[in-house]
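Data block below; observations after.
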Amino acid sequence: MKQFRNMLSLPALAAGLLLLAQASAGGLSSDPPVLPKTAKPPVIDGVLDDEAWSAALKVEGFKTYQPDYGREPNQRSEGFLTYDSDNFYFALRCYETEPGKIKAAVTKRDAIFDQDFCEFLIDTFNDMQSAFGFVINPLGIQGDGMMDIKGNLDSNFDMVWDSKGRIDEQGYAVEGRIPLQSIRFPNKKDIIIRVVFFRQIVRASEMDSYPAMNPEQGSLLGQTLAVRVSELKYKRVIEVLPALTHTTSYAHSEGLWQRETRSTEFSLTGKLGITSDLIADAAYNPDFSQVESDAGQVDINLRYDLFYPEKRPFFLEGSELWLFAGNFEEAPLTAVVYTRKIINPVFGLKITGKISAKDTLAAIYAQDELPGDEVDEHPDFTIVRYRHALWGDSYIGGFYTGHGTGDGFNRFGGADGRFRVTNTSVASFHLFGSWTREQGAETVRPGHALGLDYSYSTRSVNLDIGYQDISPDFQVDTGYAYRTGLRRLALFGMYTFYPDSKFFQKIEPFYWSYHLYDTIDRMFQTTNLFTLRFWLPRSTLFRLDFILANEVYAGGRFGRNQLGLNFNSQIAKSLYLYAFWRYGGAIYYDPEVPYQGYGNRAEAEVTFQPTENLNFDLSLTYSDFYRESNKEKIYDYAILRSRNTYQVNKYLFLRAIFEYNTYRRRLTADLLASFTYIPGTVLYVGYGSAFEKVEWDGQDYMESDRYLETRRGFFFKVSYLWRY
């Protein structure tokens, strides 16, 4: 902490911020090198024999990024980068002394992050706020997404680009072509971009990078390689995406099959480049259908609603901007923009991108359609996000959201900011207000949410302290806040040991806690998590947890002391194992008569990949609960899920999913054929059935030892992306 104490005086702080600002603008470094431009584009075939690569920017001397920083990698890598007026081109040559141990599979897009892969990041705006990420496995399968300001890649956002990979006797090579129409960039004669190359080696639990990344030198995006690019050709983005979706479902009723629904929906989505870095989207009857249902979760004895991630394409571009500063891990205010609250829009409008070199805007307006809603069948949503880049990865920003239902409304707004104080420390905040009027009410309920956070990170030490204050009447209908009426102090501290051992790569003891005052029940609550974590070869993690905790609920305080274990490992090239178990105090969440209990929670997963094209995944989720006073079992709940995929090639896969819910006594079977040429140009055909242990006796459905198919449905979707 000595470095932080030395910054406490105002003159020193001002000088430090000035130096950081100059460094981020290139004031303390030499002029960035010029990226070579190619006259003859390389052929994207996974063979690096094109003239373009001979003249391209070549980087070597990769260093480890994980499990430790700045070490010599197990295997040698080289990166290449060039461009022409319409595309960026990148390639990596990954040398391998044992090519037979390369882990790769022919799989669907974005399903490669547990394999060997190469990744290329490009920050086209040189603002260290976000970056486009392009990932290729050794067989050329793509993954992509947006990297946020904290260095996390959100793989839900898909882009149109080309890739190829090829395994050979030297290891493997990958090539990628990124059309300028697929990314955003400043429309200027000369610009400076930032790039970084990564390589993952699963069996070594290793991630390598060029340039080298050092946690004591600031943010990940701030350590990328700056290069100068000239004469990029801006071609206005114009896309049209028509889609046709048909669904038919049947239910067993009074001993006969009865059709429940039958619908054929046409949707039309368009994208227009207002400028090279600002995009407008519009959609009529947007296609927000999910092709594959969410995996089952334990849905009983819950204090809060389940949280499901957004998967619908219309919402995903720019979704990294919805993240807000000043939040601590597992904070009660999880999201201020949670677009799954928009269930079935009639139409949607969206704008995302830069409005100046340092100013970013994202906005959505959508009108929902909820047939049969007694209050309002067409509630509307308005969401606006603004962010202004400061020095390095610092920014100041704000939100406004609105949700109207009949004559009621919820309005939310406020500011957030992130400030890099030193290379190793970041301070951040948010201050939000909400104003809510219920349907038929005359008064408006105000509420507030305040968050403060300070983090300090070096190679061995990680510290974080956060504070949240959320009033009882705070409400954000466009977001997800699982608890209000609290003041919470959260703490995290971890020290990392790097043993001189081939077995133990890292050992990390850490302490995570929060101490909360419930302003509604006027009681204190605390959670103290003590963890010992071991990192081992083959991407293996073993973790032991001990929790001392209690929880305030419905005017009472209940014990939550628990013991837990966690293990995952790529135990062999074709076999992955995961296991989680936790036992201890629990609460029966009856708001009228809650009571103390205890129980188990467990998860397990086995993934077996016998060939490059075939994948079997079997998972188990389990929970039980016992009343403490008399040891009576109240429930046990298990979900067994089998997910089996045959990937014919990178475009086409066939999948069968079987899921059995012991609590509901329900078995579901879903079959899906999927063809994806590029994101947007897709064809899906699916069939699903549900079976229950019942039988029709002529009068009613009675319990049975045999399964009866009680529901079935057919799903078909086709869409085609036109890009002009």
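If you take the beta carbon distance between E612 and Y498 as r and set R0 to 30 Å, what does 1/(1 + (r/R0)^6) give as a FRET efficiency, to the nearest 0.05?
Taking R0 as 30 Å, the efficiency between E612 and Y498 is 0.30.
As a check on your grasp of the helix formula, calculate [θ] at 222 nm for the chain: sum -39500 (n - 2.57) over DSSP H runs of n ≥ 4, divide by the residue count, round to the nearest 500.
Details: 3 runs with 24 residues, N = 724.
Calculated at 222 nm, the ellipticity per residue is -1000 deg cm²/dmol.
What full-extension length gain, to one decimal in nm, is calculated for D162 and E254 as 0.36 nm per residue of separation minus the Cα-Cα distance?
Details: separation 92, 0.36 × 92 = 33.12 nm, distance 5.35 nm.
My answer for the length gained is 27.8 nm.
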*Per the Kirkwood formula on distinct C-alpha pairs, the Rh of the chain is how many angstrom?*
28.1 Å
*Using a 1.4 angstrom probe on the protein heavy atoms only, line up D359, D416 by accessible area, largest first.*
D359, D416
*Which value, in Å² rounded to 10, gives the accessible area of D84 with a 1.4 Å probe and all protein chains present?*
20 Å²
*asked:* Once ligands and nucleic acids are excluded and a 1.4 Å probe is used, how much of L306 is accessible, expressed in Å² to the nearest 10?
replied: 50 Å²
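Over segment 567-658, with every protein chain in place, what whole percent of the accessible area is carbon and sulfur at 1.4 Å, could you tell me?
On the way: 2770 of 4720 Å².
On segment 567-658, the fraction of accessible area on carbon and sulfur atoms equals 59 percent.
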*Where a Cα-Cα gap under 25 Å defines reach, which lysines qualify for K150, not counting those fewer than 8 residues away within the same chain?*
K2, K63, K311, K350, K354, K358, K506
*Can you tell me the accessible area per residue over the chain, all protein chains present, probe 1.4 angstrom, in square angstrom?*
46 Å²
*Tally up the carbon and sulfur contribution to the accessible surface of segment 388-528 as a whole percent, 1.4 Å probe, everything protein left in place.*
61 percent
_Which order do you get for K63, K40, K502, K235 if you rank them by accessible area with a 1.4 Å probe, largest at the top?_
K502, K40, K235, K63
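To the nearest 0.05, what FRET efficiency results for S642 and T334 with a Förster distance of 30 Å applied to their C-beta separation?
Computed FRET efficiency for S642 and T334 comes out at 0.50.
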*Using a simple spin-label model with points 7 Å from Cα along the Cα→Cβ vector, what separation in nm is obtained for L306 and D521?*
2.5 nm
*So what does W435 come to for accessible area, using a 1.4 Å probe and Å² rounded to 10?*
120 Å²
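Sorting check: for 383-391, 138-146, 674-682, which peptide has the highest mean count of neighbouring beta carbons within 10 Å, and how do the rest follow? Mind showing how you got there, number by number?
Numbers: 383-391: 20.2, 138-146: 23.9, 674-682: 17.8.
Ranking the peptides 383-391, 138-146, 674-682 by packing returns 138-146, 383-391, 674-682.
The values are calculated or read from the model by the stated rules, or taken from the named source; none is laboratory data. As the structure is a computational prediction, the values presented were derived from the model and not from experiment. We place every Cβ from the backbone using ideal geometry, glycine too, and count neighbours over all the protein chains shown. SASA here: full protein model, heavy atoms, side chains in, ligands and nucleic acids out. Shrake-Rupley method; radii C 1.70, N 1.55, O 1.52, S 1.80 Å.
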